[in-house]
Amino acid sequence: MTITSTAPAIPGADLTLVDAIVIGVGQAVGNVISSYTADGRRVAVFESDKPGGTCLNRGCRPTKAMRASARIAHLARRAADYGVGTGEVTVDFPAVVARKDEMIDAWAAGTVEWLTTDPGIDYRHVAGRLVADVPDDLAAGLHVVEGADGRRVVAPTVWLNTGTSPVVPQIEGLDAVPHLDNDSILHLSELPEHLIVLGGNYIGLEFGQMFSRFGSTVTVIERGARLAGREEPEVSEELRRFLAAEGLDIRTGAGVSRVSKSETGGIVVTLDDADEIAGSHLLLAVGRHPNTRDIGLADVGVETDKRGYVIVDDHFATTVPGIFAVGDINGRGAFTHTSYADGEIAADNLAGGERSAGERIMTYAMFTDPPLGRVGSTEAEVRDAGINALVATYEMKNVTKAVLDSETDGFVKILVDADTDQILGASFLGLFGDEVVQIVSALMHAQAPRRILQEMLPIHPTVGEFWPTILKGLKPLD
């Protein structure tokens, strides 16, 4: 295919001219890049790390591959509950990691092949940075990105997609103690004897449960009053109950004053109350921050909020015309599916469509086992908004499919606007909760009334069949 640039010429400028520049290759930009290259335009792509972003390399896919192994080990240990004999259950941890690596390496290789063989992509495996120091004869409306190798590229449009990184908390002694994050823990060669997890939210709980099922002793330390503090209080309570039942040591309301090495080479975490916890490995899972500090935003006038996230409108335009921010760095959802949706919306806009990020309703999951599926508002948010609402809760021990599968942990909670009959939000902590909650999400996006869900014809025996039953229990929110 012959590539013909549609960008304006730059008389006298010693710069490579393309139609668009992408900084960071994650889930948000695949459709964007293809939108340009499909009709013969050229895109320069800068990536200093492994292409594919967090999801592919150190997030959703590798963690869920290992989660699958952990779940099999857990079920095998419970085999007698189903009338099945297995004998002693062991975990070959290096084999678990190798299984994960085989999958991820294949996907990663495919991404690299696409970037390096598509004739419309000028792939540069270096960091890219917006620069304001540009030639005087540069045409108006063009932006310059300089690679870490010193080479510069110019285009009328720049797409920022640099993602996020783990927060390293300010704790005395931490800089002198080896610690893990969500990336390095995926590449351990040996199973930790005792994993101490700092952080009782999504990443910390998923890894904590996973490694407990592999055979590690696990302690989870959460500074806040409860686990998963942004979720419904009932969710926090139920998470704590079933994780503790699996053997995890859960410490909430526990600040950390310092960390140090033990005499045997392990880790000692000292809490604010002077209690000490000794372990072999330390995982930091206390949050993430956007990778926006070293990409030249301030130099060219792109504004960020107080946390460093790029300020964008509903079509991902920043405060500088021609520069857009998609994925985790725009603060509109730190999930793979929100990033991918950013890319779909952006591609639609490039084709002349009018899709908007303002139209979507936040939907996500926490992949503990059982998982939490979440959509829309919590009870606290509904109360704060002053909405006349109805609420229903239903325990998974009363769901036929959950009983048949002997997986009855969890519950469902749904909120409905009493005046409009619109669904306001739902929390589904239980078997297939990550899948079943998407029924509610679809109806909310369609602005369908609650009665559609209550009067549908469900399949028996499934988890989803209980939505009509659950909704019959709606009561006024006190």
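No value in this document is a laboratory result; all are computed from the given coordinates. Keep in mind that what you see is a predicted model, and the values were worked out from it rather than measured. A quick note on method: Cβ atoms are made from the backbone with ideal geometry, for glycine too, and the neighbour counts reach across all protein chains shown.
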Quiz item: What lysines could a cross-link reach from LYS50, if we take a straight Cα to Cα line under 17 Å and drop same-chain neighbours fewer than 8 places away?
Solution: LYS100
Quiz item: If one takes the longest principal axis of the Cα atoms in the chain, at what angle in degrees, from 0 to 90 and to the nearest 10, does the Cα axis of helix 336-350 lie?
Solution: 40 degrees
Quiz prompt | Residues whose placed amide H lies under 5 Å from that of HIS289, excluding near-sequence neighbours | solution = SER165, VAL167
Self-check item: Relative contact order [Cα under 8 Å, 6+ residues apart], the chain, whole percent
Solution: 13 percent
Practice problem: Check cross-link reach from LYS401 to the aspartates and glutamates: straight Cα distance under 13 Å, and skip same-chain residues fewer than eight apart. | Solution: ASP409, GLU465
Quiz item: Calculated FRET efficiency, ALA245 and GLU344, Cβ-Cβ r, R0 51 Å, to nearest 0.05?
Solution: 0.80
Quiz item: If we count other beta carbons within 10 Å of each Cβ, what is the order of THR292, THR111, THR319, THR54, fewest first?
Solution: THR319, THR111, THR292, THR54
Quiz item: When the label point is put 7 Å from the Cα of ASP273 along its Cα-to-beta-carbon vector, which residues of the stretch 163-200 have a backbone N closer than 18 Å?
Solution: 197-200
Self-check item: For the stretch 338-411 versus the stretch 268-320, the gap between their alpha-carbon centres in whole angstrom
Solution: 24 Å
Practice problem: List, in order, the whole-Hz ³J(HN,Hα) value for each residue of the stretch 113-123 obtained from phi through the Karplus relation with A = 6.51, B = -1.76, C = 1.60 and θ = phi - 60°; use x for Gly and Pro. | Solution: 4, 4, 5, 9, 10, 5, x, x, 10, 9, 8
Quiz item: Each residue of the stretch 313-330 in order: what ³J(HN,Hα) in whole Hz does its phi give by Karplus 6.51 cos²θ - 1.76 cosθ + 1.60, θ = phi - 60°, with x for Gly and Pro?
Solution: 8, 5, 10, 6, 6, 7, 6, 10, x, x, 10, 10, 10, 10, x, 4, 6, 8
Practice problem: Relative to the longest principal axis of the C-alpha atoms of the chain, give the angle of the C-alpha long axis of helix 202-214, reported between 0 and 90° and rounded to the nearest 10°. | Solution: 60 degrees
Quiz item: Nearest-5 percent of antiparallel DSSP beta bridges in the stretch 174-286?
Solution: 40 percent
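Can you give the calculated 222 nm mean residue ellipticity of the chain, where each DSSP H run of n ≥ 4 adds -39,500 (n - 2.57) and the sum is split over every residue, rounded to the nearest 500 deg cm²/dmol?
Computed ellipticity for the chain at 222 nm equals -8500 deg cm²/dmol.
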Self-check item: Amide H partners (placed H, <5 Å) of LEU424, local residues excluded
Solution: LEU415, VAL416, ASP417
Self-check item: Calculated SAXS-style log₁₀ I(q)/I(0) at q = 0.05, 0.08 Å⁻¹ - the chain, Debye, Cα scatterers
Solution: -0.22, -0.57
Practice problem: Quick one: which residues, 5+ away or cross-chain, put their amide H under 5 Å from the amide H of ASP122? H built at 1.01 Å from N. | Solution: VAL43, ALA44, VAL45
Quiz item: Where does helix 233-245 land angle-wise versus the long Cα axis of the chain, in degrees 0 to 90, nearest 10?
Solution: 70 degrees
